[in-house]
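Following: one structure in structure tokens, then a few remarks.
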Amino acid sequence: MNAPRLVFKDVLSHEIHQALAPLGVSPRIARRLQAAVLRGAASSIPDEMPEVSPRLLDRVRDVAEVPRLECVRRDVDPQDGFVKYGFRGVDERVFETVWIPLRGGTGTPKAIVCVSSQVGCALGCAFCATARMGFVRNLETWEIVDQVVRASAESDLPVRGVVFMGMGEPLLNYERVLRAAEILREPCGMAIAAKAITISTVGVVPRIRSFARARLPYRLVASLTSAIPERRRELLPIEDDFPIDELFDALAELHAATGRRITLAWTLISGRNTDEAEAIALAERTRSFPVKVDLIDVNDATGRFLPPDDAERDAFRDALTRHVGCPVDRRYSGGKSIRAACGMLATEVGAR
Ligand code: SF4
């Protein structure tokens with residue numbers, strides 16, 4: 001039986017060293033191989049590397065593989081420059097990745113990459129296009145890592161952040177998501193700072209508790225969308241499995257473990273979750289730990305759910321400030337013309 005091959009993009013550089021040390025690969029050469037594969041977006045072990053013998057590279061090539069996503073589609077939003085990629089990995093199913101340029105503001109221009117963690121999703125959020133695909137499969141670690149590698153290779157801005165807000169519920173592919181985050185942090189590779197990695201969840205309570213207990217350095221954002229259980233259940237069916245009381249207990253544990261303010265994402269839907277009752281309900285639930293609320297307009301291609309107008313949005317924002325007294329940010333969700341905005345990612349088998 002053949003020994004399993006070493007799969008680059010699935011491994012950390014110290015693991016590359018451990019696996020290849022018998023061939024004569026030092027820790028330094030392992031880091032350089034990792035850099036060549038990740039920063040160079042390579043599809044094979046390079047033929048040449050300074051100060052590394054071609055014979056050693058041949059031997060590495062014999063035992064290692066460098067998987068690479070197939071890019072089947074690339075769309076650019078002419079309004080805001082967002083780029084949406086359709087990728088294929090281990091099978092014919094296509095999943096999506098969004099490159100997000102951040103050129104405005106006072107900081108240095110940079111980009112972030114929004115990655116998928118699953119093909120489809122089982123959680124059935126009412127306003128989400130991915131939900132309509134149902135759950136297909138979890139992505140492999142290398143399939144997550146390569147989304148960032150490939151989008152970075154084409155980026156004219158330095159990629160400084162990764163958000164797990166594409167297709168799927170990241171905490172239902174927990175081990176691979178965390179492993180991908182670790183690989184993306186490696187200084188010899190993509191060098192994404194831990195605090196610039198954001199993992200979003202609609203509230204998988206046991207995994208939020210695991211995340212808290214592991215004291216992970218990443219930012220966790222909980223999609224709340226309503227603080228009133230009956231309303232939340234209609235929008236986010238996960239409320240049946242993990243009710244809001246349990247969710248807030250887990251978020252309190254996360255705050256106690258990390259000392260960090262908890263970020264809650266709120267998808268704004270006109271007439272559904274933007275009234276004063278929501279702000280009062282949230283205030284009651286957040287007495288024991290500090291929160292910040294990110295407001296995102298719903299993007300529902302079916303037209304069933306509509307975003308609020310400015311007056312409705314401003315009134316809700318004021319109500320949150322008055323009752324909860326927390327920072328409230330409005331998140332821009334771009335790429336609408338290419339269906340790259342929050343809640344719009346969806347593909348069919350073999351989609352192009
Ligand atoms: S919003 Fe996220 S968790 Fe909900 S169905 Fe869509 S992909 Fe799944």
task = Tell me, please, whether a residue that is of a type in the set (D, E, K, R) and closer than 25 Å to Arg209 by Cα can be found in segment 298-319.
result = no
Only one of (1) open to solvent by 60 Å² or more (accessible area, probe 1.4 Å); (2) within 16 Å of the ligand (Cβ to nearest atom); (3) in contact (Cβ under 8 Å) with a residue 40 or more places away in the chain does not apply to Thr302, and that is (3)
Filter segment 162-203 for residues that are more than 15 Å from Val221 (Cα to Cα) and within 14 Å of the ligand (Cβ to nearest atom); the one that is surrounded by the fewest Cβ atoms within 10 Å (Cβ to Cβ) is Asn173
Filter pass, Lys110 being without any contact (Cβ under 8 Å) to a residue 60 or more places away in the chain and either in contact with a Phe, Trp or Tyr (Cβ under 6 Å, 6 or more places away or on another chain) or not hydrophobic (A, V, I, L, M, F, W, C) (or both)
yes
Of the candidates Ala277, Ala311, Ala257, the one satisfying the condition of being without any contact (Cβ under 8 Å) to a residue 24 or more places away in the chain, surrounded by fewer than 20 Cβ atoms within 10 Å (Cβ to Cβ), out of contact with any Ser or Thr (no Cβ under 6 Å at 6 or more places or on another chain) and in a helix (DSSP H, G or I) is Ala311
Note on Thr267: of the conditions (1) crowded, with 22+ Cβ neighbours inside 10 Å; (2) free of Cβ contacts under 8 Å to residues at least 60 places away in the same chain; (3) within 18 Å of Val328 (Cβ to Cβ), unmet is (2)
Per the filter on segment 280-308, residues assigned to a helix (DSSP H, G or I) and more than 19 Å from Val221 (Cβ to Cβ) are Ile280, Ala281, Ala283, Glu284
Considering segment 147-178, residues that are of a type in the set (A, V, I, L, M, F, W, C) and assigned to a helix (DSSP H, G or I), and then whichever is nearest to the chain's Cα centre (by Cα), we arrive at Val177
Residue hits (segment 134-146; under 26 Å from Arg32 (Cα atoms) and either basic (Lys, Arg) or in a helix (DSSP H, G or I) (or both)) are Thr141, Trp142, Glu143, Ile144, Val145, Asp146
Given the conditions (1) on the phi > 0 side of the Ramachandran plot; (2) surrounded by fewer than 16 Cβ atoms within 10 Å (Cβ to Cβ); (3) more than 16 Å from the ligand (Cβ to nearest atom), every one holds for Gly134 apart from (3)
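The values are calculated or read from the model by the stated rules, or taken from the named source; none is laboratory data. In this text the structure is predicted, and so the values were computed from the model without any measurement. Here Cβ is always computed from backbone atoms with ideal geometry, including for glycine, and neighbour counts include all displayed protein chains. The area values use the complete protein model at the heavy-atom level, side chains included, leaving out ligands, DNA and RNA. Shrake-Rupley method; radii C 1.70, N 1.55, O 1.52, S 1.80 Å.
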